[in-house]
Amino acid sequence: MSRTTDELMRTAFLWRATLADGQAAPEERRRFEAWLRADPAHARAYERARRFWDEMGALDREALDPAFFRPSPGERLRRALAPGGHRAAWAGGLAAVCLVALLALHALPGWFPGAGAPSGAAGPQPAQGRTYAAAVGETRSLELADGSRVTLGADTAVEVVFDPGLRLVRMGLGEAYFEVAPDADRPFEVVAGQARITVHGTAFNVRRGAGDTHVAVAEGVVSVLVPGAGQGAPEAGAGGARAETLAAGERLTVRADGGAVKDASPRPEAIGAWRDRLLVYIDTPLADITADLNRYRHRKIRIADQDLAGLRVTATFDSGDIEGLLQTLTEVFPVRLEAIGDETVLRRAP
């Protein structure tokens, strides 16, 4: 592995050690979620670290070299300086186990970025406290332990955490379609940006951008807790937060500042059409569309003339033909394309 890959996997293992006992402080979880959102490669590295961590958990401790459990001087120093006392020490010791194993596994295929699954191994199965991701340009469908289904859009990562009283999904940037199995005793919650969505059994779509989060309901009813303009991210019972109820065919846009706007979505049957490669936009700013398209291609699109960013577009496109989509934009709107380095730049046509 390269030095960059080494460092990424070390970070992923350290996060796994921090989160493994389920007692991470809220600030630690916020830092982890920010790291996860920063780059799709982070989510993929964390998933590999999680898989390897689970494999290590199945090993007989007596069969391991005692040195695996002996913290290095650097870890002892970090333990002394870190808040959290014995829990920090415990996590540091387990991180040492994984990091030693990381070095030993350099030559094994399947565990690191760029490698496939080990020969004959089944793919990772959805379970509690696990992170899943779809790469740029791909979609991925998951069946969760409760029978719910989640379809991840391109370049999207989620963390799934189930316990006896709650089913929780934390969502990074991207898009996901949820088909939730009813469970009267355990609500199903999705936290995406400023929105906290609660359902018992329904189908809905969530698209989270760098600013706004969009929730559209295809079937049933959902409740969305929003903090209100100027407030922080919503937490259960947080002062100033309010709940918006959405029925089939309704959509809620939760802005980055905590404000929210409810309106009629496209036809309910069109919600989640991206699962069939159809990208449907109704009076959507060009900036939002290009952010979407960048999840489907490695050659990124950038708007050079910012007065184009607010251009409103109503159209349906095939996600497998992004180049054709861009060409159509130049024919309908005052836009021209320019290839600069590894980017496609949109400029106002003369």
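The values are calculated or read from the model by the stated rules, or taken from the named source; none is laboratory data. No experiment lies behind these values; they were computed from the predicted model shown. Note that each Cβ is placed from the backbone with ideal geometry, even for glycine, and that neighbours are counted across all protein chains shown. Note: areas computed on protein heavy atoms with side chains; ligands, DNA, RNA excluded. Shrake-Rupley method; radii C 1.70, N 1.55, O 1.52, S 1.80 Å.
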Open item on the list: Return the pair list, or none, for Cβ contacts closer than 9 Å from residues in region 121-145 that are modelled with pLDDT under 50 to residues that are surrounded by fewer than 18 Cβ atoms within 10 Å (Cβ to Cβ) and assigned to a loop (DSSP other than H, G, I, E, B), at least 6 apart or on different chains.
Closed with: A121/G110; G123/A117; P124/A117; Q125/A145; P126/A145; A127/A145; Q128/A145
Open item on the list: Looking at G310, G320 in this structure, which one is without any contact (Cβ under 8 Å) to a residue 40 or more places away in the chain, closer than 17 Å to Y281 by Cβ and assigned to a loop (DSSP other than H, G, I, E, B)?
Closed with: G310
Open item on the list: I'd like the full set of residues that are farther than 20 Å from R267 by Cα and open to solvent by less than 20 Å² (accessible area, probe 1.4 Å), limited to region 182-208.
Closed with: F188, V190, A192, A195, I197, V199
TODO: Could you figure out which of (1) outside any strand (DSSP E or B); (2) touching a helix residue (DSSP H, G or I) at 6+ places or on another chain (Cβ under 7 Å) isn't true of R336?
DONE: (1)
TODO: Evaluate region 1-10: report whether one residue or more is loosely packed, with under 12 Cβ neighbours inside 10 Å, polar (S, T, N, Q), at pLDDT 60 or above and assigned to a helix (DSSP H, G or I).
DONE: yes
Task: Residue ID - surrounded by the fewest Cβ atoms within 10 Å (Cβ to Cβ), chosen from residues in region 137-181 that are in a strand (DSSP E or B) and of a type in the set (V, I, T) - done: V161
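Could you list all residues from region 220-243 that are assigned to a strand (DSSP E or B), modelled with pLDDT under 90 and either of a type in the set (S, T, N, Q) or open to solvent by less than 40 Å² (accessible area, probe 1.4 Å) (or both)?
Passing the criteria: L225, V226.
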Task: Pick from region 276-287, criterion in contact (Cβ under 8 Å) with a residue 24 or more places away in the chain, surrounded by 13 or more Cβ atoms within 10 Å (Cβ to Cβ) and not aromatic (F, W, Y), ranking: farthest from V335 (Cα to Cα) - done: R277
Open item on the list: Residue under question is V217, and the condition is that it be at pLDDT 90 or above and more than 19 Å from the chain's Cα centre (by Cα); does it hold?
Closed with: yes
Open item on the list: more than 26 Å from the chain's Cα centre (by Cα) and modelled with pLDDT of 85 or more: is that true of R336 in this structure?
Closed with: yes
Open item on the list: Looking only at region 244-276, filter to residues that are of a type in the set (K, R) and not in a strand (DSSP E or B); which one of those is modelled with the highest pLDDT?
Closed with: R275
Open item on the list: Can you tell me how many residues within region 288-306 are surrounded by fewer than 18 Cβ atoms within 10 Å (Cβ to Cβ) and without any contact (Cβ under 8 Å) to a residue 40 or more places away in the chain?
Closed with: 1
